[in-house]
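Step one of this worksheet: look at the structure below.
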Amino acid sequence: MGEQLSFFDETEVTVQSSNGWLLIDGNNLMNRCYYATAHDPNNLMKAPDGRYTNAVSLFIKMMLKLNQSLGTAPIVMFDEGKSYRKEIYPAYKDGRKETPIELKEQFPLIKEVLGHAEIPVYSNAEFEADDFIASFAEQADGDIYILSNDRDVFQLINERVTVIVRKGKEDVRMTPELFQLEYAGLSPLQIVDLKSITGDSVDNIPGIDGIGDKGAIKLIQHFGTIEKMLVSEFPTHLNRYKEKVANSKEQTLFAKKLTTLHRDIPLNIKEVTINSKGLLSICNKLAIKNIDKLLY
């Protein structure tokens with residue numbers, strides 16, 4: 001296990017978080033911003049020094065616009081690797097397409113920009129961004145807004161925690177009520193049990209062969225958790241799943257271990273505001289325009 005790292009500038013003294021926190025899955029948003037602006041890979045936005053900036057520019061603008069509307073304090077979490085999950089399950093996240101070099105080169109740059117803005121960043125090689133998000137949401141006071149398209153963070157949704165997820169052409173605020181409507185009355189915590197049965201192709205986690213979302217929802221609706229499912233008698237209307245479940249007990253429990261987010265990473269949480277002067281300075285240097293109107 002590596003050393004847990006949290007990065008906060010010790011000079012931060014200004015408070016601007018009375019309305020809560022905006023937690024951003026940095027890798028997720030960088031990918032989203034890159035592909036939204038990479039219509040012509042041969043003509044991407046660049047800084048005067050030649051560094052690509054298309055993903056960085058949209059990332060900053062989306063963050064500021066959303067933060068402005070919510071009145072929150074922004075925090076960004078990044079993946080630094082594939083985490084301890086890769087150690088205990090070597091096939092974890094295998095099969096993902098290679099990150100374009102034009103995007104890969106922008107990750108150090110977005111961290112540089114966030115540093116100038118004094119926006120806190122959490123990351124290390126042991127845990128993933130989602131684990132830091134889960135731990136921050138567990139430990140911080142106030143309302144939490146999570147900007148991520150990763151369904152794993154749905155398990156964090158409650159009356160205080162909202163996930164902002166892209167659906168079609170708009171961002172939707174996923175609340176407990178909306179979650180129950182979309183997942184047939186399940187609670188957000190049960191997303192872990194659901195994914196333990198269906199698997200996750202994005203993370204290369206296998207599910208129970210022959211059981212899809214509809215079947216998994218029926219099972220969780222009846223049993224509540226996979227632990228109860230694995231030790232209980234099956235009613236007649238679910239008998240067709242009995243043998244499939246029996247043949248996948250260890251796999252299903254292991255999938256739940258991989259999917260459950262850590263909420264207990266020790267974090268140094270401080271109130272923070274954006275260093276507008278620092279952010280404008282680095283954005284001007286990179287020729288990223290129209291930032292000032294999103295700061296005031």
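The values are calculated or read from the model by the stated rules, or taken from the named source; none is laboratory data. Quick caveat: nothing in here was measured; it's all calculated off a predicted structure. Here Cβ is always computed from backbone atoms with ideal geometry, including for glycine, and neighbour counts include all displayed protein chains. Note: areas computed on protein heavy atoms with side chains; ligands, DNA, RNA excluded. Shrake-Rupley method; radii C 1.70, N 1.55, O 1.52, S 1.80 Å.
Applying the set (1) part of a loop (DSSP other than H, G, I, E, B); (2) free of Cβ contacts under 8 Å to residues at least 40 places away in the same chain; (3) surrounded by 14 or more Cβ atoms within 10 Å (Cβ to Cβ) to residue 210 leaves exactly one unmet item: (3).
Across region 220-261, what is the total count of residues that are over 31 Å from the mean Cα position of the chain (by Cα) and aromatic (Phe, Trp, Tyr)? So the answer is 2.
Of the residues examined, residue 149 is one that is under 29 Å from residue 94 (Cβ atoms), outside any helix (DSSP H, G or I) and polar (S, T, N, Q).
Taking the conditions exactly as written (under 16 Å from the mean Cα position of the chain (by Cα), of a type in the set (Gly, Ala, Ser) and part of a helix (DSSP H, G or I)), does residue 137 satisfy them or not? Criteria met by residue 137. With respect to the conditions (1) of a type in the set (Asp, Glu); (2) in contact with a Phe, Trp or Tyr (Cβ under 9 Å, 6 or more places away or on another chain); (3) part of a loop (DSSP other than H, G, I, E, B), residue 102 falls short on a single one, namely (3).
Of all the listed residues (150, 193), the sole one being crowded, with 17+ Cβ neighbours inside 10 Å, within 21 Å of the chain's Cα centre (by Cα), modelled with pLDDT under 95 and among the charged types (D, E, K, R) is 150.
For region 269-295, a residue qualifies if it is open to solvent by 60 Å² or more (accessible area, probe 1.4 Å) and either within 26 Å of the chain's Cα centre (by Cα) or over 30 Å from residue 50 (Cβ atoms) (or both), and exactly one does: 271.
The combined condition, being surrounded by 15 or more Cβ atoms within 10 Å (Cβ to Cβ), in contact (Cβ under 8 Å) with a residue 12 or more places away in the chain and of a type in the set (A, V, I, L, M, F, W, C), is not fulfilled by residue 253.
Checking each residue in region 47-99 for being of a type in the set (A, V, I, L, M), touching a helix residue (DSSP H, G or I) at 6+ places or on another chain (Cβ under 9 Å) and not in a strand (DSSP E or B) picks out 47, 55, 56, 58, 60, 62, 63, 64, 88.
Consider region 59-97 and keep the residues that are open to solvent by 50 Å² or more (accessible area, probe 1.4 Å) and under 25 Å from residue 46 (Cβ atoms). The one that is modelled with the highest pLDDT is 61. Taken over region 233-250, residues that are part of a helix (DSSP H, G or I) and open to solvent by 30 Å² or more (accessible area, probe 1.4 Å) amount to 10. A residue that is open to solvent by less than 20 Å² (accessible area, probe 1.4 Å) and part of a loop (DSSP other than H, G, I, E, B) cannot be found anywhere in region 169-184. For region 195-212, the set of residues classified as of a type outside the set (Gly, Ala, Ser) and in contact with a Ser or Thr (Cβ under 9 Å, 6 or more places away or on another chain) consists of 195, 197, 200, 203, 205, 206, 208, 209, 211, listed by residue number.
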